[in-house]
Amino acid sequence: MRNPREALDALRALPCGARALAAFGPGDGVHVVGGAVRDLLLGRAPREVDLVVEGDLDAAAARLGGAQITAHDRFGTARVLFDDCEIDLARARRETYLRPGALPDVEPAGLDDDLRRRDVTVNAMALDLDGTLHAVPGAVEDLEAGILRVLHDRSFVDDPTRLWRVARYAARLGFDVEPRTRALAREADPSTVSGDRLGAELRLALRDPNPPAALRAARALNPRLLPDGFDPEPRGLADALALLPDGEGRRDLVTLAAATAGMDTLALLRWLDDMGFPAGERDTVAAASRFSTGAPLRAARTNAEVARAARGAPIEAVALAGGENAKRWIDDLRHVRLEITGDDLLAAGVPQGPEIGERLRRALDRKLDGDISGADAELAAALE
């Protein structure tokens with residue numbers, strides 16, 4: 001594990017770390033905080049750079065410059081965007097919860113209070129810009145031992161979304177959840193927070209480096225985080241993800257569709273709505289998880305039959321259907337296009353209407369099967 005000075009040097013090598021160190025000095029009341037400090041000490045590259053500010057947040061954000069500043073006054077936070085990174089700032093604060101699961105009421109406070117409001121000890125650390133480390137009791141020892149521990153017994157009562165965060169940390173870092181924290185997690189009631197907030201945490205887990213591990217950890221912490229019929233480690237997921245081309249399709253939605261394949265359709269749709277998934281994402285997950293594309297795709301014997309089975313289906317559904325036909329469609333067949341268009345058929349005397357599309361589809365099927373090649377042959381096939 002790095003010492004604080006080495007962590008500061010590693011921060012300086014990051015684009016946003018260098019910007020923070022250039023903008024602020026040791027006496028400015030600005031500290032690197034949370035997961036960034038944890039990762040720097042562990043020798044990992046931080047996923048983000050978070051700063052806590054003891055003082056004027058707006059002035060601190062302005063000193064960083066950046067292409068865009070987004071502020072959230074209620075919680076005293078701001079995000080500064082640059083071309084190659086982003087920095088999150090938060091005013092040092094304490095939090096109180098009027099009821100379980102409520103959004104917190106916040107008030108300005110010092111650094112010590114700010115650290116005590118955090119989710120787990122290994123995130124309750126701050127690094128001054130001169131290399132001085134601040135940490136709650138036990139934080140450094142837990143980091144060295146690879147332990148996740150909440151800071152107080154009401155942690156999951158105040159904010160059950162912390163269940164998801166602990167699950168993600170366990171999966172990403174390979175840390176163990178200590179027994180008392182595990183017991184508190186088991187007793188927590190996720191229903192005290194909105195589905196939208198739980199859904200936001202689920203989506204973060206689906207975008208983690210190892211989503212099945214995060215989902216498995218979540219179920220182990222509290223089974224009520226996931227619905228009946230949800231499989232955190234579905235068979236065939238790795239093969240489906242391997243079929244998705246780089247930059248195409250949603251790996252997170254493929255993972256979710258595979259995990260929910262065992263759920264009742266209506267229950268799945270209700271749950272996705274409750275979790276705040278947009279209609280397009282909900283429909284993609286539902287279509288892919290039902291495998292309605294899979295049976296005809298696997299039964300296809302010709303290129304044209306493969307195209308008829310896969311055409312119009314989300315690429316996520318085709319990938320999850322799997323098999324050689326799915327690979328052939330994704331890698332090759334879906335890119336085949338006719339040289340002719342509907343205008344050519346209109347010019348040849350075919351009346352405007354659905355017949356145009358049907359004739360083009362028939363011509364494309366013959367092209368896919370290798371029966372025709374070239375615009376003249378396509379037009380002749382379309383006019384048959």
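Summary of values
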read-out	value
Matching residues in region 260-281 - criterion: being farther than 17 Å from A317 by Cβ and either crowded, with 19+ Cβ neighbours inside 10 Å or β-branched (V, I, T) (or both)	W271, M275
Selection count, region 300-320, where residues are assigned to a helix (DSSP H, G or I), farther than 17 Å from L237 by Cβ and open to solvent by less than 60 Å² (accessible area, probe 1.4 Å)	6
Of all residues in region 367-384 being surrounded by fewer than 19 Cβ atoms within 10 Å (Cβ to Cβ) and of a type outside the set (A, V, I, L, M, F, W, C), the one that is modelled with the lowest pLDDT	E384
Those residues of region 216-240 which are in contact with a helix residue (DSSP H, G or I) (Cβ under 6 Å, 6 or more places away or on another chain) and over 13 Å from P160 (Cα atoms), in sequence order	A217, L226, P227, F230, D231, P232, E233, P234, L237, A240
Filter result for the condition that a residue is polar (S, T, N, Q) and either within 18 Å of V49 (Cβ to Cβ) or in contact with a Leu (Cβ under 8 Å, 6 or more places away or on another chain) (or both), over T96, T121	T121
Region 241-280 - residue that is within 27 Å of R328 (Cα to Cα) and polar (S, T, N, Q) and, of those, farthest from the chain's Cα centre (by Cα)	T260
Exclusive hit being within 28 Å of R12 (Cβ to Cβ), out of contact with any helix residue (DSSP H, G or I) (no Cβ under 7 Å at 6 or more places or on another chain) and of a type in the set (G, A, S), set A124, A90	A90
Test: residue in region 98-113 that is in contact with an Asp or Glu (Cβ under 6 Å, 6 or more places away or on another chain) and open to solvent by 30 Å² or more (accessible area, probe 1.4 Å)	yes
Region 221-259, subset basic (K, R) and more than 30 Å from E187 (Cβ to Cβ), residue surrounded by the fewest Cβ atoms within 10 Å (Cβ to Cβ)	R235
Filter result (open to solvent by 50 Å² or more (accessible area, probe 1.4 Å), of a type in the set (G, A, S) and over 20 Å from the mean Cα position of the chain (by Cα)) within region 188-201	S191
Only one of G66, G55, G43 that is in contact with a Phe, Trp or Tyr (Cβ under 7 Å, 6 or more places away or on another chain) and on the phi > 0 side of the Ramachandran plot	G66
Inter-residue pairs, beta-carbon under 7 Å, first under 19 Å from L225 (Cα atoms) and in region 266-290, second assigned to a loop (DSSP other than H, G, I, E, B) and open to solvent by less than 30 Å² (accessible area, probe 1.4 Å), 6+ apart	A267/P227; L268/T260; W271/P227; V285/T260
Filter result for P209 (open to solvent by 20 Å² or more (accessible area, probe 1.4 Å) and modelled with pLDDT under 95)	yes
Output for region 125-139, where each listed residue is surrounded by 17 or more Cβ atoms within 10 Å (Cβ to Cβ) and either in contact with a Pro (Cβ under 9 Å, 6 or more places away or on another chain) or in contact (Cβ under 8 Å) with a residue 40 or more places away in the chain (or both)	M125, A126, L127, D128, L129, L133, H134
Given (1) more than 22 Å from the chain's Cα centre (by Cα); (2) basic (K, R); (3) within 30 Å of D153 (Cα to Cα), number of the condition R5 does not satisfy	(3)
Total residues in region 37-71, condition open to solvent by less than 50 Å² (accessible area, probe 1.4 Å), closer than 16 Å to R19 by Cβ and within 23 Å of the chain's Cα centre (by Cα)	5
Failed criterion for L14 (all others in (1) surrounded by 21 or more Cβ atoms within 10 Å (Cβ to Cβ); (2) in contact with a Cys (Cβ under 8 Å, 6 or more places away or on another chain); (3) touching a residue at least 60 places away in the same chain (Cβ under 8 Å) hold)	(1)
Residue in region 321-347 that is surrounded by the most Cβ atoms within 10 Å (Cβ to Cβ), counting only those that are of a type in the set (A, V, I, L, M, F, W, C) and closer than 16 Å to R366 by Cα	W329
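The values are calculated or read from the model by the stated rules, or taken from the named source; none is laboratory data. These numbers were taken from a predicted model, which means no experiment stands behind them. Positions of Cβ are backbone-derived with ideal geometry, glycine not excepted, and every protein chain shown enters the neighbour counts. All accessible areas refer to the heavy atoms of the entire protein, side chains included, with ligands and DNA or RNA removed. Shrake-Rupley method; radii C 1.70, N 1.55, O 1.52, S 1.80 Å.
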